[in-house]
1. Only Cα pairs within less than 10 Å get springs; with that Gaussian network setup on the chain, which residue of Ser62, Ser209, Ser222 has the largest fluctuation?
2. Taking all protein chains in place and a 1.4 Å probe, what share, in percent, of the accessible surface of the range 51-98 do carbon and sulfur account for?
3. At 7 Å along the Cα-to-beta-carbon direction for both Asn181 and Lys8, put a label point, then send me their distance in nm to one decimal.
4. Excluding residues on the same chain fewer than 8 positions from Lys110, give the lysines whose Cα lies under 28 Å from its Cα.
5. Can you list the residues, at least 5 places off or on another chain, whose amide H is less than 5 Å from the amide H of Gly65, using H built in the peptide plane?
6. Using Cα pairs closer than 8 Å and at least 6 residues apart in sequence, work out the relative contact order for the chain, in percent.
7. Rounded to whole Hz and in sequence order, give me ³J(HN,Hα) for the range 84-101 from the Karplus expression 6.51 cos²θ - 1.76 cosθ + 1.60, θ = phi - 60°, writing x for Gly and Pro.
8. In deg cm²/dmol, rounded to 500, what helix-only [θ] at 222 nm does the chain give when every DSSP H run of at least 4 residues adds -39500 (n - 2.57) and the total is split over its residues?
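The values are calculated or read from the model by the stated rules, or taken from the named source; none is laboratory data. This one's a predicted model, so the numbers in the text were calculated from it and none came from an experiment. So basically every Cβ, Gly included, is an ideal-geometry build from the backbone, and we count neighbours across all protein chains shown. In case anyone asks, the SASA skips ligands and DNA or RNA and just uses the protein heavy atoms, side chains included. Shrake-Rupley method; radii C 1.70, N 1.55, O 1.52, S 1.80 Å.
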Amino acid sequence: MKREIFGKLKSGEEIEIVTLENSAATLQIMTRGATIVRFKTYGVDIVGGYDCLADYEADTDSYQGATVGRVANRIGNACFNMDGAVYMVTDNDGGNCLHGGDGFSFKIWKIEEASEDSITLSYYSQDGEEGFPAGLSVKVKFTLVDASVIIDYEAIPEGKTPIALTNHSYFNLDGFGDVINGHFVRIAADRYTEVDESLIPTGERPCVSGTPFDFIFPKSLSEGFGEGVDGYDHNFVLCPNLSGDYLEIDESVKLPLVAQITNLKLMLNVYTDQPGVQFYTGNFLQGKPDFRGGVPRIKHGAFCLEAQTEPNCINHGIGFYEAGEMYKQTTIYEVLPISK
């Protein structure tokens with residue numbers, strides 16, 4: 001484990017970066033946004049990131065590698081009703097709230113613990129931050145085991161409030177610089193969340209069968225795009241039994257395999273206890289700053305698999321936690337070589 005200063009924010013605060021390394025992989029986490037800066041395995045940088053802190057400050061809308069909260073994804077009309085009271089939250093997405101506004105992704109987290117294979121960061125969100133009620137104590141633990149990243153989330157509110165966290169890493173199993181069309185995708189979901197033109201759920205959850213959203217069996221992204229979809233940015237309603245594969249964490253916990261992405265050399269497996277996963281294909285991933293090493297960001301140059309509750313869920317009464325009630329989540333990104 002290596003702990004060092006990554007840089008200083010414009011406001012003057014120092015940001016640390018921690019490097020975890022084993023014989024299979026290197027993982028770097030920084031304290032701004034509890035962000036995965038680098039995940040390198042089998043000789044490939046498979047997670048997008050920037051060379052310097054200034055580039056992260058310049059990027060205000062792609063959430064590269066960051067921990068997202070207090071409520072991930074979109075909140076319609078940037079408001080929600082809780083126990084008869086209406087709460088207005090930050091409008092940062094054309095009338096909607098995206099990823100908690102100026103949320104956890106932009107905050108400075110504290111390193112609580114660091115060891116050779118893990119790091120735990122914490123953040124305290126004040127009552128009223130971005131319009132959300134009640135103080136909230138959050139911890140995120142990143143553990144590197146072989147070529148797997150295990151992310152454990154915990155959050156305890158001081159009063160009733162919505163909570164929905166995720167990680168927003170961008171992946172490209174080929175490395176970065178070209179489109180992801182050649183990746184094959186499998187998602188254990190028989191339904192997806194239909195959205196309107198502003199990407200807010202309509203309330204409909206159509207079956208994927210016979211649509212471009214059918215990834216029950218592996219399908220290349222070029223085939224999906226060829227079915228008339230100019231990129232995916234949709235929540236898939238998970239049905240873990242469709243994969244039938246589980247990863248045993250300990251004697252009491254088994255996580256289902258919910259998504260699998262492959263190219264010619266690598267396989268990325270995603271395991272989670274969440275009910276949904278947002279599959280996003282970098283539809284807006286253009287412009288500056290460049291990725292690490294000056295590699296341009298391009299449309300469809302990466303994909304995200306964000307384990308989550310459903311978008312806009314809090315406007316349907318889902319995702320609220322009482323004072324002292326613990327929110328917990330575990331998601332694992334496992335990388336394996338494809339043997340020939």
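1. Ranking Ser62, Ser209, Ser222 by mean-square fluctuation puts Ser209 first.
2. Values: 850 of 1840 Å².
In the range 51-98, the share of accessible area belonging to carbon and sulfur is 46 percent.
3. 4.7 nm
4. Lys2, Lys8, Lys10, Lys40, Lys139, Lys141, Lys160, Lys328
5. The answer is His168, Ser169, Tyr170.
6. 18 percent
7. In residue order, the calculated couplings are x, 9, 9, 10, 8, 10, 4, 8, 10, 8, x, x, 10, 9, 10, 6, x, x Hz.
8. Numbers: 2 runs with 12 residues, N = 340.
For the chain, the value works out to -1000 deg cm²/dmol.
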